[in-house]
Amino acid sequence: MKKIKITFWISTGLLSLMMLMSASMYLFKNADVSQVFLSLGYPTYIIYPLAIAKILGLVAIWTNKSKALKEWAYAGFFFDFVLAFFAHVMVKDGDQMGALVALILLAVSYMMGKKMNAN
């Protein structure tokens with residue numbers, strides 16, 4: 001049980017750091033992020049809402065107030081990471097590793113959280 005808790009906290013912590021860094025770049029380095037979004041074929045008007053959604057998703061995961069809200073947060077992150085991964089693959093820019101690492105951290109966090117709650 002202790003290994004499960006440690007794995008959960010480490011994976012969730014690393015995922016949170018990635019999302020906070022991403023959201024802060026979206027908010028404070030908007031011009032740079034806009035260029036990346038345009039190169040990936042995404043509209044730039046989704047940058048600020050996506051930053052806010054990432055922060056709110058982390059709040060939902062960490063506060064654990066609502067089980068349904070936590071599930072939606074995990075689902076939202078899943079779709080974000082999968083779309084980011086394939087966007088980078090399609091434009092062949094070689095930057096898909098960040099999305100893949102985030103997806104792995106998300107899966108580990110989710111599965112370990114489920115195991116913790118089952119016991």
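The values are calculated or read from the model by the stated rules, or taken from the named source; none is laboratory data. These numbers come from a predicted model, not from an experiment. Every residue, glycine as well, gets a Cβ built from its backbone with ideal geometry; the counts of neighbours run over all protein chains shown. With ligands, DNA and RNA removed, areas are computed over all heavy atoms of the protein, side chains included. Shrake-Rupley method; radii C 1.70, N 1.55, O 1.52, S 1.80 Å.
Considering only residues that are of a type in the set (Phe, Trp, Tyr) and free of Cβ contacts under 8 Å to residues at least 40 places away in the same chain, look in the stretch 19-77 and name the one that is nearest to ASN117 (Cα to Cα).
Filtering the stretch 19-77 down to residues of a type in the set (Phe, Trp, Tyr) leaves 26, 28, 37, 42, 45, 48, 62, 72, 74, 77.
From what's left, free of Cβ contacts under 8 Å to residues at least 40 places away in the same chain: 26, 28, 37, 45, 48, 72, 74.
Details: TYR26: 33, PHE28: 37, PHE37: 37, TYR45: 38, TYR48: 33, TRP72: 17, TYR74: 16 Å.
The residue in question is TYR74.
Keeping to the stretch 28-42, report how many residues are open to solvent by 60 Å² or more (accessible area, probe 1.4 Å), touching a helix residue (DSSP H, G or I) at 6+ places or on another chain (Cβ under 8 Å) and part of a helix (DSSP H, G or I).
Residues meeting the conditions: 3.
Conditions (1) in contact with a strand residue (DSSP E or B) (Cβ under 7 Å, 6 or more places away or on another chain); (2) closer than 22 Å to ILE10 by Cβ; (3) assigned to a helix (DSSP H, G or I); (4) open to solvent by 40 Å² or more (accessible area, probe 1.4 Å), marked per residue:
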{"site": "TYR74", "(1), (2), (3), (4)": "no, yes, yes, no"}
{"site": "PHE79", "(1), (2), (3), (4)": "no, no, yes, yes"}
{"site": "GLY94", "(1), (2), (3), (4)": "no, no, no, yes"}
{"site": "VAL101", "(1), (2), (3), (4)": "no, yes, yes, yes"}
{"site": "LEU105", "(1), (2), (3), (4)": "no, yes, yes, no"}
{"site": "GLY113", "(1), (2), (3), (4)": "no, yes, yes, no"}
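What do you reckon, is LEU83 surrounded by 16 or more Cβ atoms within 10 Å (Cβ to Cβ), touching a helix residue (DSSP H, G or I) at 6+ places or on another chain (Cβ under 9 Å) and assigned to a helix (DSSP H, G or I)?
Numbers: surrounded by 16 or more Cβ atoms within 10 Å (Cβ to Cβ): no; touching a helix residue (DSSP H, G or I) at 6+ places or on another chain (Cβ under 9 Å): yes; assigned to a helix (DSSP H, G or I): yes.
Against the criterion (surrounded by 16 or more Cβ atoms within 10 Å (Cβ to Cβ), touching a helix residue (DSSP H, G or I) at 6+ places or on another chain (Cβ under 9 Å) and assigned to a helix (DSSP H, G or I)), LEU83 does not qualify.
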